[in-house]
Amino acid sequence: MLHIHAADLRAALQAAATACYLSPLHSWNGDGHRRKRPAARFVVLRSAIPSRRPFSASIEASTAAIGGGAGALSSVEKRKKPEICTADELHYVPVPGTDWKIALWRYLPSTEAPKRNHPLMLLSGVGTNAIGFDLSPGASFARHMSKQGFDTWIVEVRGAGLSMRTHESNETIQSSDKPAISNIDSTDEVNLTSYLSVEGLSAVNINPEVGAKISKVNGDKGALVSVDESQLVTKLTSTFMNLAERLSGYLNEGQLRAISEKFLEQISKLLEDAGLAERFNEIAAKISSLLEARQNSTVAGQLRELSQRLINTIEEGQKSVSPQLFDLQERLSSTIEDFQKQLDLIVTYDWDFDNYLEEDLPAAMEYIREHSMVKDSKLLTIGHSMGGILLYALLSRCASQRSKCGLAAIVTLAASVDYTTSKSSLKLLLPLADPAQALNVPVVPLGALMTAAYPLSSRPPYVLSWITSQVSAQDMMLPELYEKLVLNNFCTIPAKVILQLTSAFREGGLRNRTGNFSYKDNLHKCDVPVLALAGDQDLICPPEAVYETVKLIPESKVSYKVFGKPDGPHYAHYDLVGGRLATNEVYPCIINFLCCHDELTYEHSD
């Protein structure tokens, strides 16, 4: 097996992050124009027969022609769902306190199967969507569970699959027989030279009346053209304010300082050749202290004053330097704009693991309870990878608060809250825990990386063949399903999520965003039945990592099983869900466990 070095991974991520300046949150027509969608609150999209047409591009966010009045909880949309959605129904659930609507794929229970007491909720891994649970009609875990009588729901958290921001669903969509698909991670439909246009962000607003003239060399004479400095001062001040205001809630104090210092260092390097670095450092020291202060009119005024002093310093320096440095303001302006793009991308993908846990998951659970009309308000749940981590975190947090989690039983597939003792390949992401990496790699465009790497991993000379073993063990997944998984299942991950998840590789295991609560500390109080499954050749979440969490749960409440045999067949990360043997070996194990814990129970709060 080939191994990738951390330095190579970081370089690849940085290159792909640059590509992610492509418009990430829009839906597109075939001609490259944005589609518009109508407003809707709770929407159900229904189709009698799942689509069997193949996928042609990877999906980050797709939308249908949705409609219906606000509060129409059970309304049925007559227009087609997005072709990518093969569920019986597609629901959109607003997440309170956010501008997100998460997508829920619903698979109605078979009328020929035994009636179940609880609905089944499926949670996918980090940076993945519902496709992993529904690869094809003949290899669909979700469809298989619905045929067993379970009212099955796949939850797509914010930023994944068909989930969308509110302003996207408030736009109108043009009528078309072809579904509206936004390919953030695809190079099929989007012009790779297009520039990221971030909506909903207070980008730098420059007065159109302000002159755009900048210091330039006039022929061979080196004559200085008249300069209007106000535009550059506005850009610089706005960037400083964005650092102080926006990132203060995104990163802790030390991380904010690291990013701001790196930005100031970039500017300082520009000024070294002009002999202005010393004077700049004096101004930069004052700016640094202001960046960490809370925004108010006084701070804004001080930053503007310091920005003006910096521009004046550059202007004075240019009078005594050689002609080739006359374009210094232009170079500075370009540096500011490049940094602003990074900053806007960070702010656009402004959520972490705790947002999934505290906002998306409760919204989905409450919605499923209401629509499935659960008598005891409990759900059966299955979480793959990060989906399982979310379930463990929910158990731990509820135990610490002495509250009921609302779950009848839990199945985790290849999941753990503590990877410290394992040799997980995810340790390659540890360098991204460096706060400065949030500047260089504001997002991890996993979908773009997987799509770009697929030809190099599946065809000669197999330069990136190591990727295949990360996903599936040899001969365990049909080639067409593997291709479909790689090209359609992966999305873009915010650096903020990565920063938090990397705590699972440090002493104490996964922690909340402030670092003062470990999600493993209260698992010994677990009172919900748990089935934890692992794959013997899972390089992402090895069996030893799964067991690190299993051993914390009371023996009376947990069952643990590793799939795979010494002489084969073997199971890797996705084989537990979509491997060719999963239907006969893994699914029955899960179904038997869920059936044993599907009895109605009524609990009263203390």
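Taking a point 7 angstrom from the Cα of D376 along the C-beta vector, which residues in the stretch 404-428 have backbone N less than 20 Å away?
Only 404-412 fall inside the zone, counting backbone N under 20 Å.
When Lys and Arg each count +1 and Asp and Glu each count -1, what net charge do the other residues less than 13 Å away from L481, Cβ to Cβ, add up to?
-3
What nm value, rounded to one decimal, do you get for the distance between D567 and R506 when each label is placed 7 Å out toward the C-beta?
With each label placed 7 Å out from Cα toward Cβ, I get 4.6 nm.
How far apart, in nm, are the 7 Å Cα→Cβ label points at Q474 and N117?
Once both label points are built, they end up 4.7 nm from each other.
Using 0.36 nm per residue of separation minus the Cα-Cα distance, give me the extension gain between D521 and E599 in nm, one decimal.
Value of the extension gain: 25.2 nm.
Quote to one decimal, in nm, the extra length available between L108 and K341 on full extension: 0.36 nm per residue of separation minus the C-alpha distance between them.
Result for the pair: 79.5 nm of gain on full extension.
If I stretch the segment between R580 and R331 completely, what's the gain in nm (0.36 nm per residue apart, minus their alpha carbon distance), one decimal?
Length gained between R580 and R331: 84.0 nm.
I need the calculated FRET efficiency for the pair E278 and T420, taking r as the beta carbon distance and R₀ as 41 Å, to the nearest 0.05.
0.35
For labels at E544 and S403 in the simple 7 Å Cα→Cβ model, what's the distance in nm?
3.7 nm
Using mean Cβ contacts within 10 Å as the protection proxy, how do 83-93, 418-428 order, highest first?
83-93, 418-428
Which order do the peptides 494-504, 566-576 come out in when sorted by mean C-beta neighbours inside 10 angstrom, highest first?
494-504, 566-576
In this model, which of K262/K286; K286/K427; K147/K565 are farther than 26 Å apart at the alpha-carbon?
Cα-Cα > 26 Å for K286/K427; K147/K565; rest within.
Bear in mind these aren't lab numbers, they're just calculated from the coordinates by the rules spelled out. These numbers were taken from a predicted model, which means no experiment stands behind them. Cβ atoms come from the backbone with ideal geometry, glycine included; neighbour counts cover every protein chain shown.
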